[in-house]
Amino acid sequence: MKVFITGGSGLIGRGLAAQLLEAGHQPIILSRHANEVRRRREYRPCRVVQGDPGTAGDWQAEVDGCDVVVNLAGHNLFAERWNAEIKRKIRDSRVHGTDHVVEAIRIAKERPKALVQASAIGYYGPHGDEDLTESSPSGTDFLSVVCREWEHASEPVEELGVRRAIVRIGIVLAPSGGALAVMKPIFKLGPGAPIGSGGKLGPATGQQWMSWIHIEDIVGLFKLAIENDAAAGPINGTSPHPVRNAEFSKALSNALWKPYAFWRVYLPFGPPDAMLKLLLGDVAEVVASGQKVLPVRAQALGYTFKHPDLAEALRDVLARPKHVISTTAEHKPVPEASRSHAHH
């Protein structure tokens, strides 16, 4: 199959391109920096197209004749401290980018049969201890509204007879980038401790839920959505075993520091949310509040998670060289001495 990918040089796009190549498909990568992407070894077997999904352009003609479009493009949530301008970028890059993808599908003489649309579990907003499935309602905070508008922008393709699957991405654990890029430096500086959910001034207790997923599994879910004609509507891109932040923090602390466990300290309380906001700005709200999201639809479609257990997922991710995402690519074995025995 010919698969056109916006955001194909990002964290998930990179792994998806590798998995599609392994499966014999032909990825076509849209990038604003096409020449730079073409020079990367992992993209040499791919066709790379110059263009920005945020603006209409010649790139839209490339969708004609493709079997599936995967729309991953959007400004990185964690790249910069949030202000009004960055929030506008986060929203507009997703909504306008999707508008242009939909238009490209509409004008194609030979239309793709499916659009696999990225979204995020931020769609649900904070819900305390409530189990959230694909049928749970959307929230009212900034990210909920962005995700709702993002998903809504892709809706017109259904009127064109195109199957639409929406993958709501959880907290992605990857060798480079994603949530661990923000969290690892904090954990390497001082004792392991929960992050967030202690109220503005109270110590963080980490009682909020973290709906995480290993990079291989989120890529696997996108691949499922591409290949399986029954994949339509929202699909939660999260592990079947969400954990509270305190448990996540302890597991990450163990995975990073197990060789030095005889002196390593884990504290049951962390810095107040106000301090987190001082360090990270408004994006701290994403870290300090959470959701307990379950991948009901993915499991109904028969997806088998490769890394359902958090301690194993963290060990695997931390043992990989930064560039390795592909399922069959070799990565460094985990030394026995560094294996975590964190309780799960």
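Readers should treat all values here as calculations from the given coordinates under stated rules, not as data from a laboratory. Every value quoted in this text rests on a predicted model; they were computed, and no experiment measured them. Note that we place each Cβ from the backbone using ideal geometry, even for glycine, and neighbour counts take in every protein chain shown.
In straight-distance terms, cross-link reach from K292 covers every one of the aspartates and glutamates whose alpha-carbon lies under 16 Å from its own, apart from those fewer than eight places away in the same chain; here that gives D129, E130, D131, E134, E247, D309.
Amide H contacts of H75 (H built 1.01 Å from N, in plane; Pro and chain starts excluded): S93, R94 sit under 5 Å, all sequence-distant by 5 or more or on other chains.
Taking a ≥ b ≥ c as the square roots of the eigenvalues of the Cα gyration tensor, the range 58-163 is classed as oblate, since a/c reaches at least 1.5 and a/b does not exceed b/c. Shape analysis of the range 86-127 places it in the oblate category; the axes a ≥ b ≥ c from the Cα gyration tensor give an a/c of at least 1.5, with a/b not above b/c. Shown is the FRET efficiency for R39 and I107, computed with R0 = 35 Å from the Cβ-Cβ distance and rounded to the nearest 0.05: 0.70.
A prolate overall shape is assigned to the range 98-151, the ratio a/c of its alpha-carbon gyration tensor axes (a ≥ b ≥ c) being 1.5 or greater and a/b exceeding b/c.
Determine the sum of side-chain charges near V162: Lys and Arg each +1, Asp and Glu each -1, restricted to other residues whose C-beta is under 13 angstrom from that of V162. Write down the numbers at each step before the final one.
Working: positive: R106, R111, K113, R163, R164; negative: D67, E103, E110, E155, E158, E159, D229.
Spelling it out: positives minus negatives among the neighbours equals -2.
In a DSSP loop and with at most 16 other Cβ atoms within 10 Å, the trypsin sites (Lys or Arg not before Pro) in the range 84-137 are K109, K113. With each label modelled as a point 7 angstrom along the Cα→C-beta vector, the H241-D129 pair spans 2.1 nm. Among the listed pairs K89/K223; K89/K184; K2/K109; K113/K223, those whose Cα-Cα separation exceeds 23 Å are K89/K223; K89/K184.
Would you mind counting up the charge near R38? Only other residues with Cβ under 12 Å from its Cβ, with Lys and Arg at +1 and Asp and Glu at -1.
+3
Counting Lys and Arg as +1 and Asp and Glu as -1 over every other residue whose Cβ lies under 13 Å from the Cβ of A104, the net charge comes to -4.
Residues whose amide H falls under 5 Å from that of Q26, counting only those 5 or more places apart or on a different chain, are K2, V3, with hydrogens built in the peptide plane.
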